[in-house]
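Since every read-out is calculated from the coordinates, none of them should be taken as a lab result. The structure displayed is predicted, hence computed values, not measured ones. Methodologically, a virtual Cβ is constructed for each residue, glycine included, from the backbone with ideal geometry; neighbour enumeration extends over all protein chains shown.
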């Protein structure tokens, strides 16, 4: 009897018999999640440096910034996750520092990166919005790649679907806290093996972000004021995350409420970005004498 497959995309005819989530080097386990995040960081730096060259800036400036930003983005990502999942850490505080067990939130990383940039430009006497326009290209590149780490961890998926992209995951390899009542109600059994069938929201977000990046790369030559590309990033990512977060089964909630914190934050960022783009556009027209 053959071993049950770990992952299936039943409507696409794709089957992954055994999904490995780590590699062992000299007896030390390295998670693919960490490897993929690392690749995303390197790719993001390269994209930002390439844009810096295009703009006549010093590419090394963005490497200097990235060294600090990566550190504080990880701290921010962990802090955001722990704060909004406090019940799982309050009785075992040492687990706060155990990031190998998972628990990083992208929005916390974005907040950490933005705060780092504010500090960085102040110490270097540079323009925040000018640097943000280039840095956000690297940021969203890292997000596009980094989301695939969730695939190898079998996490960041949505509720039940039988759509074209439906992903079927062997129940045994999934964290029980991520399996909703809806998924259990639609449990699928094949040859005695239980599967959940879900929206692959990690894939949705990765592809959405790729579309946002392509638009940003096209638009950057047309921008009328510093900060415009950064605001488009906030608007584009916020719109996608508002939709995708609503599908997920592992949402972080506001304290003692049923409100998904990342979905609410996305909505706020979309509104603020739209207002800032309108105001910035009007100021640019006035400056141009329009």
In Å, descending, principal axis extents of the Cα set of the stretch 175-239:
60, 20, 16
Label-point separation in nm, residue 53 to residue 122, each point 7 Å along Cα→Cβ
3.3
From fewest to most C-beta neighbours within 10 Å, the residues 210, 265 line up as 210, 265
Across bins of 5 angstrom width beginning at 0, how are the C-alpha pair distances of the chain distributed, in whole percent?
1, 5, 10, 15, 17, 16, 13, 10, 6, 4, 2, 1, 0, 0, 0, 0
Against the longest principal axis of the chain, how steep is helix 261-287, in degrees 0 to 90 to the nearest 10, with axes from Cα atoms?
20
With a ≥ b ≥ c taken as the square roots of the eigenvalues of the C-alpha gyration tensor of the stretch 1-129, please select rounded if a/c is under 1.5 and otherwise prolate if a/b is larger than b/c or oblate if it is not?
oblate
Taking Cα atoms only, helix 106-124 is inclined relative to the longest principal axis of the chain by an angle, in degrees rounded to 10, of 30
What is the stretch 203-290 by shape, rounded, prolate or oblate, if you read a ≥ b ≥ c off the alpha carbon gyration tensor as root eigenvalues and call it rounded for a/c under 1.5, prolate for a/b larger than b/c, and oblate otherwise?
oblate
Explain nothing, just the number: relative contact order of the chain, from Cα pairs under 8 Å at least 6 residues apart, as a whole percent.
19
If you rank 133, 226 by fewest surrounding Cβ atoms within 10 Å, what's the result?
226, 133
Neighbour-count ranking [beta-carbon atoms within 10 angstrom, fewest first] of 248, 55, 181, 168:
181, 55, 168, 248
Using a 7 Å offset from the Cα along the Cα-to-Cβ direction at both residue 173 and residue 93, what is the distance between the two label points in nm, to one decimal?
3.8
At what distance in nm do the modelled label points of residue 67 and residue 185 sit from each other, each positioned 7 Å from its Cα along Cα→Cβ?
5.4
